[in-house]
Every structure is written in C-alpha cells, then in structure tokens.
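Inspection log for the structure reproduced underneath, given as structure tokens.
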Amino acid sequence: MSIVGDVAELKFMVLMREMGYTVCKPMSHHSRYDFIVDMSGDMKRVQVKSTNYKKNEGSNYGAYVCHSYTQKRKNRYLKSEVDYIAVYITGCDAWYMIPIQEIKGENIRMYPHRTDSRGKFEKYRIQ
C-alpha cells in the first residue's frame with residue numbers, strides 16, 4: 001500500500017468515528033475489505049480507495065475499483081467480498097460511500113468540484 005492509501009484509511013477511520021460508528025480493522029491482508037463498520041448493529045465491509053486522478057480534461061475524477069489487474073482481466077470486487085467502496089478524492093477532500101451493487105464497471109466517475117453535478121454517485125457523497 002502507498003502512503004496515500006495509508007492516509008486515506010486513517011482519514012476514513014476518523015470520519016466514521018466522527019459520524020458515530022464503530023470501526024474495526026482486520027488483522028489480515030488477505031481480506032478484500034479494509035474495514036468493518038458497525039452501523040447501528042449492521043456490520044458492513046468497506047474497501048477504501050483514494051484518487052486525485054482527473055479524467056476528461058478535469059471534468060470529473062476517476063477511481064478504479066478493482067483489487068488486481070492483468071492485461072486481459074480486471075478483477076472487480078464482488079458483493080460477496082465487500083458491501084461498500086469508500087472513495088476519497090484527495091484534491092477536493094471529498095468522500096463517497098458507494099454500495100458495491102451500484103458499481104457496474106471497473107471504474108467510476110465523481111464530480112465533487114461541481115455543485116450542479118447530476119452524476120450517478122453524487123447521492124453517495126458523505127462530506
């Protein structure tokens with residue numbers, strides 16, 4: 001993991017605690033999720049991603065939501081592995097908590113810098 005990924009995970013833990021949730025970190029690096037978040041007794045598996053990658057000449061931010069890549073195959077997260085993908089947009093200090101079933105492809109686009117955005121994932125922005 002990179003230092004940016006480590007910082008994003010720490011920020012995620014702080015954000016969840018500020019929102020009143022209990023956060024647990026698995027001791028294994030073999031799980032597909034980074035955290036278990038207790039949302040009022042409902043345990044959710046969360047994979048944290050961070051990005052500052054601007055796509056389409058800066059009109060949106062993109063994040064890949066795969067756990068591994070090969071030239072012929074992108075291994076997406078499955079509903080059986082995670083419940084949410086939490087994405088931190090570093091340049092905008094914005095968070096999205098997206099249910100895995102809402103993610104159809106291997107990358108997603110977000111528009112935290114546009115107040116008029118009608119992007120598919122804007123309803124999942126939490127900060």
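Among the residues of the range 110-127, count how many are at pLDDT 80 or above and out of contact with any strand residue (DSSP E or B) (no Cβ under 9 Å at 6 or more places or on another chain).
Of the range 110-127, the ones at pLDDT 80 or above are 120-126.
If we keep only those that are out of contact with any strand residue (DSSP E or B) (no Cβ under 9 Å at 6 or more places or on another chain) as well, we get 123.
So the answer is 1.
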A careful count of residues in the range 3-34 that are hydrophobic (A, V, I, L, M, F, W, C) and surrounded by 14 or more Cβ atoms within 10 Å (Cβ to Cβ) gives 6
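Quick one: how many residues across the range 21-46 are among the aromatic types (F, W, Y) and outside any strand (DSSP E or B)? Full working, then the answer.
Taking the range 21-46 first, the residues among the aromatic types (F, W, Y) are 21, 33, 35.
Among the residues that remain, those that are also outside any strand (DSSP E or B) are: 21, 33.
So the count comes out to 2.
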With the first residue restricted to the range 72-101 and required to be under 15 Å from F35 (Cα atoms) and in a loop (DSSP other than H, G, I, E, B), and the second required to be modelled with pLDDT under 90 and among the hydrophobic types (A, V, I, L, M, F, W, C), Cβ contacts under 8 Å at 6 or more apart or on different chains are Y77/V65; Y77/C66; Y77/I103
Conditions (1) modelled with pLDDT of 80 or more; (2) in contact with a strand residue (DSSP E or B) (Cβ under 7 Å, 6 or more places away or on another chain); (3) farther than 19 Å from F121 by Cβ -> S68 fails only (1)
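Would you confirm, using the coordinates I've provided, whether A8 is modelled with pLDDT of 90 or more and over 16 Å from G105 (Cα atoms)?
Working: modelled with pLDDT of 90 or more: yes; over 16 Å from G105 (Cα atoms): yes.
Here the answer is yes, as A8 does meet what is asked.
The values are calculated or read from the model by the stated rules, or taken from the named source; none is laboratory data. These figures come from a predicted structure and were not determined experimentally. Cβ coordinates were reconstructed from backbone atoms using ideal geometry, including for glycine residues, and neighbour counts include every protein chain displayed.
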